[in-house]
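Structure first, commentary second.
The values are calculated or read from the model by the stated rules, or taken from the named source; none is laboratory data. Not measured: the values here are computed from a predicted model. Note: ideal-geometry Cβ built from the backbone for every residue, glycine included; neighbour counts use all protein chains shown. With ligands, DNA and RNA removed, areas are computed over all heavy atoms of the protein, side chains included. Shrake-Rupley method; radii C 1.70, N 1.55, O 1.52, S 1.80 Å.
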Amino acid sequence: MNIVLIGAQGSGKGTQSRRLAQALKICYVASGDLFRKEISEQTELGVKAKAFIERGDLVPNDITVPMVLGRVVEADCVGGVLLDGFPRTIVQAQALDNGLQDVARAVNCAVYLMVPRDILLHRLSGRYICKAQQHVYNVNTNPPKVAGRCDIDGSDLYQRPDDRGDAVQKRLDIFFNETIQLLDYYRKHQKLIEVNGNQAIDQVHADLVRAITEKVK
Ligand code: AMP
């Protein structure tokens with residue numbers, strides 16, 4: 001099963017995708033995490049992507065598309081993949097469809113996690129991520145048990161540079177102007193599911209599992 005999860009920054013997309021991938025026993029692939037790994041390892045790709053990411057801009061397709069498609073066809077993803085953060089544009093959605101078709105696979109459904117913009121801003125201002133494995137916390141809505149420490153791996157929590165200042169507004173603008181067009185794309189292909197992301201974490205998870213199981217049975 002190949003699933004695309006669409007949601008704005010702060011919608012709970014990262015938290016929910018990880019849980020969902022575990023529940024459905026498919027591989028979790030987040031384009032943002034792939035970039036952050038490349039940046040921390042100072043690879044050529046990471047160096048190219050860094051400036052775009054820090055400004056809150058999308059990284060160009062000639063860098064992003066081969067990176068994600070290359071990951072999706074690796075052995076651990078053959079049984080299914082949950083994509084978080086990719087595609088973000090129609091061009092990327094088409095590239096994904098073509099890339100999967102080449103290996104006799106397809107996107108089974110795309111899930112939109114709906115959260116209003118004012119709530120997203122509030123959530124993003126409190127968001128902290130763990131340094132080791134990018135587990136996501138929120139000082140307002142989902143705090144760690146010990147302040148500044150990840151519950152799961154004990155590593156330090158930090159605020160992403162692109163969760164601060166102008167970059168946050170820019171990323172939300174990109175989402176609501178551009179990424180939102182994906183909803184029509186997947187609706188036309190009868191693959192879209194919409195789930196209310198403005199609920200308790202466990203409720204959102206339960207709704208996601210139910211809606212996906214219904215759609216892909
Ligand atoms: P995320 O962790 O999904 O919020 O991604 C962090 C940043 O990585 C984004 O703000 C973009 O700069 C870049 N990025 C992630 N996914 C994509 C994508 N599909 N297309 C272009 N840029 C991306």
### Summary
ASN198 fails exactly one of (1) in a helix (DSSP H, G or I); (2) open to solvent by less than 80 Å² (accessible area, probe 1.4 Å); (3) of a type outside the set (Asp, Glu), namely (1)
### Query
In this structure, is LEU45 touching an Asp or Glu at 6+ places or on another chain (Cβ under 8 Å), at pLDDT 95 or above and more than 11 Å from the ligand (Cβ to nearest atom)?
yes
### Query
Say we look at segment 94-106 and pick out the residues that are in contact (Cβ under 8 Å) with a residue 60 or more places away in the chain and assigned to a loop (DSSP other than H, G, I, E, B); which of these is surrounded by the most Cβ atoms within 10 Å (Cβ to Cβ)?
ARG105
### Task
Consider only pairs whose beta carbons are under 8 Å apart and that are at least six residues apart or on different chains; among these, list those whose first residue lies in segment 80-93 and is under 13 Å from ASN2 (Cβ atoms) and near the ligand (Cβ under 9 Å from one of its atoms) and whose second residue is part of a loop (DSSP other than H, G, I, E, B) and not basic (Lys, Arg).
none
### Query
Hey, among the residues in segment 48-61 that are over 14 Å from ARG88 (Cα atoms) and free of Cβ contacts under 8 Å to residues at least 40 places away in the same chain, which one's farthest from the ligand (Cβ to nearest atom)?
LYS48
### Message
I'm trying to understand the selection: among the residues of segment 107-130, which are open to solvent by 50 Å² or more (accessible area, probe 1.4 Å) and under 13 Å from VAL81 (Cβ atoms)?
### Response
ASN108
### Selection from segment 29-79 of residues that are part of a helix (DSSP H, G or I), over 23 Å from GLY7 (Cβ atoms) and among the aliphatic types (A, V, I, L, M)
LEU45, VAL47, ALA51, ALA75
